[in-house]
Amino acid sequence: AEALVRIPVRCLPVTAKVCESLMEVAQQNLNFGTLYVNQECRKKLVIKNLSDVPLLYRISKTENWVSKEFINFDGDESLGFVKPHGHHERDFLFTPKISLRFREELCLQNLQNPRNTIRILVKAVVRKRDTFSLGPPALDL
C-alpha cells in the first residue's frame, strides 16, 4: 500500500468589513414656483453619499406623459455615481409646454440598498402668457 502523504493544514485568517450603502438628499422638494409656458428653469439636486463605499443610484420619473415630456436631466438620463462620503449635484431642466399645476414625483433609488429609496416631489404652477391686452385710451385734458 502506498504511504499517505499528509498535507499540513493551513489556517488563513479572512477579514471582511460590512458596510451599508446610504444616501440622502439636501431637499425633498424641487419647487420651480410660477413659470410661463416655454420658460426654461434649472434646479440642482444635491445627492450625498453617507457610506464608505461608492454610491450607485438611479433617478426614475413617473410613467405620466407630463413628467416624461417636461423634466430633463443633464448628462445620462437616469444613472449616477457618488464617491464615498462625497456629494454630487444633479441638474434638472424643467420646460413646460402647456399651462397647468405641475406636481410629480421622482424616485431616487440606491441600487446597492433598495431600502434606501427617496421620493422627491417636483412642483410648479405654469401659466399662459398674456397674448393680447387693451388699455383705456389716454385722456388729454
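Can you list residue pairs whose Cβ atoms sit under 9 Å apart, with the first residue in segment 79-101 being among the hydroxyl-bearing types (S, T, Y) and the second being modelled with pLDDT under 85 and open to solvent by less than 20 Å² (accessible area, probe 1.4 Å)? Count only pairs 6 or more apart in sequence or on different chains.
Matching pairs, first to second residue: T95/F70; T95/I71.
Would you check which residues across segment 79-93 are open to solvent by 60 Å² or more (accessible area, probe 1.4 Å) and either in contact with a Gly (Cβ under 8 Å, 6 or more places away or on another chain) or modelled with pLDDT of 90 or more (or both) and list them?
Listed by number, the residues that qualify are F81, K83, H85, H87, H88, E89.
Given the conditions (1) under 29 Å from F81 (Cβ atoms); (2) without any contact (Cβ under 8 Å) to a residue 12 or more places away in the chain, report the number of the one that N31 does not fulfil.
(2)
Filter segment 47-60 down to residues that are at pLDDT 90 or above and open to solvent by 30 Å² or more (accessible area, probe 1.4 Å) and give me whichever is nearest to F94 (Cα to Cα).
Among residues in segment 47-60 that are at pLDDT 90 or above and open to solvent by 30 Å² or more (accessible area, probe 1.4 Å), the one nearest to F94 (Cα to Cα) is R58.
Just checking, how many residues over segment 90-120 are more than 12 Å from I71 (Cα to Cα) and in a strand (DSSP E or B)? Break it down into steps so the answer makes sense when it comes.
Restricting attention to segment 90-120, the residues satisfying the condition of being more than 12 Å from I71 (Cα to Cα) are 90, 98-101, 107-120.
Within this subset, residues satisfying the condition of being in a strand (DSSP E or B) are 90, 100-101, 107-110, 117-120.
Total satisfying the criteria: 11.
So which of P136, P96 ends up being open to solvent by less than 90 Å² (accessible area, probe 1.4 Å), modelled with pLDDT under 85 and more than 12 Å from the chain's Cα centre (by Cα)? Full working, then the answer.
Numbers: P136 fails: open to solvent by less than 90 Å² (accessible area, probe 1.4 Å).
Of P136, P96, the one residue that is open to solvent by less than 90 Å² (accessible area, probe 1.4 Å), modelled with pLDDT under 85 and more than 12 Å from the chain's Cα centre (by Cα) is P96.
The values are calculated or read from the model by the stated rules, or taken from the named source; none is laboratory data. Fair warning: this is a prediction, and the values are worked out from it, not measured in the lab. Every residue, glycine as well, gets a Cβ built from its backbone with ideal geometry; the counts of neighbours run over all protein chains shown. Protein only, heavy atoms only, side chains kept; ligands, DNA and RNA dropped before computing areas. Shrake-Rupley method; radii C 1.70, N 1.55, O 1.52, S 1.80 Å.
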